[in-house]
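Participant: Please find one structure pasted underneath; my questions will follow.
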Amino acid sequence: MEVAEGMSRVGLFEKIWRDREFDGLSMQGLARRYGVHRRTVCQALVSAVPLERKRPVGRPCAGVGGVAGVDRWDLDRRPVGAV
């Protein structure tokens, strides 16, 4: 039994829990059956609802700061006395 490509994590967690409860499969057996890491199996057995995905803490893109930042950098590189 392979995991369907479009299966949600909630559905996967439910199937893992059901197979453990009714079939008595080991964590390693469940991980092999569904093609997931044993850590995922452990999370599914602890809670039927997967944890929220962490949102990446992004830094501002290169465009932020804009031309003013480039102008400052350019001015710093000019030879002394040049305008």
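Participant: Can you sort F22, F13 from fewest to most other Cβ atoms within 10 Å of each residue's own Cβ?
Facilitator: The order, fewest Cβ neighbours first, is F22, F13.
Participant: Turning to a different aspect of this structure: When a/c reaches 1.5 or more, the comparison of a/b and b/c decides; with that in mind, is segment 1-51 rounded, prolate or oblate per its Cα gyration tensor?
Facilitator: It is rounded, given that a/c, with a ≥ b ≥ c, falls under 1.5.
Participant: To the nearest 20 debye, what is the magnitude of the charge dipole of segment 1-51 about its Cα centre, counting +1 on the Cβ of each Lys and Arg and -1 on the Cβ of each Asp and Glu?
Facilitator: In total the dipole reaches around 180 debye.
Participant: Oh, and also: Please arrange E21, E52, E14 by how many other C-beta atoms lie within 10 Å of their C-beta, fewest to most.
Facilitator: E52, E21, E14
Participant: Summing Lys, Arg as +1 and Asp, Glu as -1, what charge do residues with Cβ under 13 Å from the Cβ of L51 carry, L51 excluded?
Facilitator: Its environment carries a net charge of +4.
Participant: What number, in percent, do you get for the relative contact order of segment 1-51 if the mean sequence gap of Cα pairs under 8 Å and at least 6 apart is divided by its residue count?
Facilitator: Contact order relative to length: 44 percent.
The numbers here are math on the coordinates, done by the rules we state, and not lab data. Here the structure is a predicted model, which is why all the values come from computation and not from measurement. Every residue, glycine among them, receives a Cβ derived from its backbone with ideal geometry; neighbour counts consider all protein chains shown.
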